[in-house]
Structure formats: structure tokens, C-alpha cells
Amino acid sequence: MQILKNKIKGDKRLLVSKNMELTASEGKAFWPVYEQYQKDLNASNQRIARLIKSYAEAYRADTITDEQARNIADEFVAIEKAEAVLKESYVPKLSKAIPAKRVLRYLQIENKIRAVVKFELASEIPLVP
């Protein structure tokens, strides 16, 4: 699992690098912000992993109660909100490092990558019975 995570992380950086079209000076300012954002985003990823694990255990045991369902739904929404707040907090940091068009480009790239990951997760997670 860790090898897979490392490969995705490396592939993501390469994908971002190829699509950002940064100048040398932009890259020097951008990459430290990118790395910090990825570290901060990792907390959200860990919350998602814990939520999926919790859901999977209850699903396999066929013991999902209404209370568990509410808790899972609440955590899901909380994670989504936290990701939005995190993204919002990084816009000014990115704006100090690169021009506004590059900021938007990065947000688009990040959004597309996360959409693909979320789609893959959604396709593997069964609906609650």
C-alpha cells in the first residue's frame, strides 16, 4: 500500500509539473507551496481512508445502523468542508508564488486529479443497503 501511495505521489508531481508550464523562477516559488499543500492535504486523505475503513467494516458485517449512517454522512461532509477551507487558505499563498492564471491552472489540475481519485473510490465502494 505504501509503495502505491509513493508511486501516486510521484506521478502526481510529474503530472502537475508537466501541466503547469512554470518558468524557473515560478517553479522555485511554487514547489515549496505545493509540497506544503500536499502535506496538509494528506490529513484529509487520512480522514477519508479512516472513513472508508469504518464504512467497509460495518458494511461487511452488515451492521450499519441509522446512527452509524448519520455519523458517516457527517464525517463525509466535514471532510469536504475541511478540504474547501484548506484550498481557500492556499490561494493567497499560491498567489504570492505564481501569477493568478497559474494559480487557477494549478487548482484545475488538482481538482481533476482529485476527481479521478474520488471516481475510482466511488466505483469501488458499494452503496449502503
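The values are calculated or read from the model by the stated rules, or taken from the named source; none is laboratory data. Note that the coordinates shown come from a computational prediction; the quantities given were computed from them, not determined experimentally. Cβ placement follows ideal geometry from the backbone for every residue including glycine, while neighbour counts extend to all protein chains displayed. The protein model used for the area step is the full one, side chains on, heavy atoms only, and it has no ligands, DNA or RNA in it. Shrake-Rupley method; radii C 1.70, N 1.55, O 1.52, S 1.80 Å.
At a glance:
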quantity	calculated
Residue in the range 3-15 that is of a type outside the set (G, A, S), surrounded by fewer than 10 Cβ atoms within 10 Å (Cβ to Cβ) and not in a helix (DSSP H, G or I) present	no
Residue ID - nearest to I109 (Cα to Cα), chosen from residues in the range 63-98 that are in contact with a helix residue (DSSP H, G or I) (Cβ under 7 Å, 6 or more places away or on another chain) and not in a helix (DSSP H, G or I)	I98
Residues (open to solvent by less than 90 Å² (accessible area, probe 1.4 Å) and assigned to a helix (DSSP H, G or I)) located in the range 99-110	A100, R102, V103, R105, Y106, L107, I109, E110
Cβ pairs under 9 Å, 6+ apart, first in the range 76-91 and more than 17 Å from V103 (Cβ to Cβ), second open to solvent by 40 Å² or more (accessible area, probe 1.4 Å) and of a type in the set (G, A, S)	A82/A43
Any chance S44 is of a type in the set (G, A, S) and surrounded by 13 or more Cβ atoms within 10 Å (Cβ to Cβ)	yes
